[in-house]
């Protein structure tokens, strides 16, 4: 282009000079004169170049201006498109930001993708913990992992912070953080000499705990705190990263944990206290690691046949740690992503539909402009510009919606995964948003453009296309609505479950005793006695009870253990199992769990009296079907025998879980370190809580109280995840319904507008107005019914995917299908009512005059 | 200015004159300038410095397009040609011009 311009100007100058020569100038002078007249050549070139640039900018500017003007003229259309797109794009961006953060992005560790979680399973029990011996053996035998580390969680009392605190403590191998690839934010990691019992006691604190308990004090390194009667030095602060299986307040090397260093515990091959993680050597696949641990399992089984009896089976598995962070959440996430995708489909169809309607209305304007000589390319470009403008506005609005909803979504995801804190709108999410908005814009632009090509008889084919889109929208909405309906039904069933006890006006709290202060059973028993007495004196307290764990808490199903029944032959491979719990005298009364037979624990069931036990009905009927469980004796170790003194009714530990075999030891005889208290009261939680707090501190001012909550609230919180998921799906389904209803109404209204004359003729020939109304209504209902049938077929096909999430209802629940069908028909009917009434009020004279 | 009879072309009319000139036959920039001068009997002087920006602007607008061809003296020259939209544009500008000169003339007449 530049070269051409040079040549062109050169030619002109030569011609000019030649003219001057003709007039008698010398060639040199002529050339100089030519240049003078022509102006400085470079200036001219600049001017020419300016025209090139201005022209491009102008064209874009003009398109945008025309587009804006066009949209201003169709304000309602623009608003409808932007709002619809914003809903679809917002929903998808929000859900995708979660998927992106917790599923797609690598763990924020150095070699996060190489980490594996090890599990061991027996045929009758899956995912039992590892014993210290197991982990040492795996570490020694593995050929595919360059590190194997252990972890177990404890609760300790920490003194030396702002106040005595119960801290969640991760007890780990010294090379734990190195293996995970987490470099401390401050200070250092653990070192090898801290691994043994004689090493110095050190702590690394989590970022959150550092902020919360130490206000982010930068001088924290070197600080001394007391735990378990020992001085611990804070040596490091972790960065703000998600941790598996949970974020702890502090981490200590295993050498500092009194429990872990208890020689008896450490030697027991069946102890199952720890969790094990490994790091694959670079380049080793997960399958190779699995083959490796399979071989290790076989070696262990042949070496220790007593610890891993063949009849009970033994298997080791290695699974990527990254997937473990979202275990159980992925299916929910993909369901949400699917639902959001459905909404986007409906949005695309709806926007295409709006766009066609506008094209139909603009037909006149467009043909006029074509006739006036506007070139077709230009017109198409302008339509495209309008769509691009709308897409940009829709995407921006959607992004704002997503940002607004993000905080809610993070708190939702927190209930499922530690990685929720990583959720943000990053470059990947923005790219996704851009892609789906371009896609939506294209669909919305291309479909009407294609429809213009169809042989058209006054737009009738395009109206057919619109009907087709509506049928599709209805079908997809039906699938969403049925999904949401099923989940709602399931949630209602879940909410209505009777767990076997009552939850109103019951206060709960967790008390974790200081390991160092109350190390022995008699001390603990004495403390718990005094606490019980103190709480009983609280005004308003009707019954005060305590157990190790209470229903609705995570892990409330407790530890399953084998037990022996006196007088029955012992088959080591098939020992009976039950969840072992403890209960205080009034626990069953405070929870309102009925006694079936025998008695509850009494004040004399203490360490000085014979060991007793209460079993639940499931256990009693399994082993004593005749109903004579009371009086028999069972034992956990074959040494201490507990007499069954009572049978209590079954309770559900979680609303969705069937009751299991359970046995309760007397709290005074088994005073655990962690106890959960239940106080059935005659007054409200708000008035009880402060008095209860004071009563606890009156017994021991240094005793932290954890999770002081009404039992009702625990119950509600336990089903919060399905409730929130149902709400999200419900919102999506609601959006779908509204968009679809608006679509149906729009199509029918347009059809009425087009048929004014026909309606007039019908009236003139004696049709009643009511006939017209029902004729138009029938048109809308017919479209809806077709979509409904298709949607039901789709829901029946897809429903089985929901089976695992549903509680108490099948994926083909007739009530849900019926309710959704009626709802849809009613809503569609209402959407068509306005245009139908307008059809009914057609003025025949006016309609005919327009002919 | 020594030659008072010679005039620079009115702002905005150059485009129209170029289109009009090209309506007769395709021509290069030099030829266009010459032709305008000749036909106007040297009354109108094309400002050489604004001719080429104008040509390129018109080309961008799609009213004219260009082709390289041998000139009368056998050199490569860029020949401009009127397009269909250019023709329409010309007729429109002609109308506008006629309306405007008409109006101006009428106003001048009332003042006499």
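Expressed as a whole number of Å, what is the distance separating the alpha-carbon centroids of region A:786-832 and region A:1-39? Their Cα centres are 83 Å away from one another.
Remark: A:324, B:95 ranked as B:95, A:324, counting other beta-carbon atoms within 10 Å and listing the fewest first.
A protection proxy built from the mean count of other Cβ atoms within 10 Å ranks the segments A:659-665, A:348-354, most packed first, as A:348-354, A:659-665. Remark: relative contact order (chain A) = 15 percent; criterion is Cα-Cα distance under 8 angstrom and separation of 6 or more residues. Sorting A:337, A:368 from the fewest to the most surrounding beta carbons within 10 angstrom yields A:368, A:337.
Working from label points 7 Å from Cα in the Cα-to-Cβ sense, the residue A:793 to residue A:110 distance is 5.8 nm. Which distance in Å, rounded to a whole number, links the C-alpha centroids of region A:484-502 and region A:585-600? Taking the Cα centre of each part, region A:484-502 and region A:585-600 sit 26 Å apart.
Tell me, what is the percent relative contact order of region A:2-72, built from C-alpha pairs under 8 Å that lie six or more residues apart?
About 23 percent, as a whole number.
Computed from the C-beta positions of residue A:59 and residue A:83, the FRET efficiency with R₀ = 35 Å rounds to 0.70. Hydrodynamic radius of the protein assembly as shown by the Kirkwood approach over all distinct alpha-carbon pairs: 36.2 Å. Give me the distance between the Cα centres of region A:634-693 and region A:381-399, rounded to whole Å. If you average the Cα positions of each part, the centres end up 61 Å apart. Remark: the residue A:495-residue A:6 segment gains 167.7 nm on full extension, using 0.36 nm per residue and subtracting the alpha carbon distance.
Over region A:124-312, what is the mean sequence separation of C-alpha contacts under 8 Å (at least six apart), divided by residue count, expressed as relative contact order in percent? Walk me through the numbers on the way to the answer.
On the way: 341 pairs, mean separation 60.3, N = 189.
Value for region A:124-312: 32 percent.
Note on residue A:191/residue A:143: beta-carbon distance plugged into 1/(1 + (r/R0)^6) with R0 of 25 Å gives a FRET efficiency of 0.40.
Inside 10 Å of the C-beta atoms of A:33-42, what's the mean count of C-beta atoms belonging to other chains?
2
The mean number of Cβ atoms from other chains found within 10 Å of a Cβ in peptide A:57-63 is 1, as a whole number. Counted by neighbouring Cβ atoms within 10 Å, the residues A:517, A:581 run from fewest to most as A:517, A:581.
Label separation (residue A:28 vs residue A:366): 6.8 nm, computed from points 7 Å beyond Cα along the C-beta direction. Only helical runs count toward this figure. For chain A, summing -39,500 (n - 2.57) over DSSP H runs of n ≥ 4 and dividing by all residues gives -17500 deg cm²/dmol at 222 nm.
Using the Cβ-Cβ distance between residue A:439 and residue B:68 with R0 set to 41 Å, the FRET efficiency works out to roughly 0.40.
Taking label points 7 Å from Cα along the Cα-to-Cβ direction, residue A:52 and residue A:68 give a separation of 2.8 nm.
Read the figures in this text as sums done on the coordinates, not as results from a lab. Predicted model, so just to flag it, every value in this text is computed and none were measured. Neighbour counts are summed over all protein chains in view; Cβ atoms, including those assigned to glycine, are modelled from backbone coordinates with ideal geometry.
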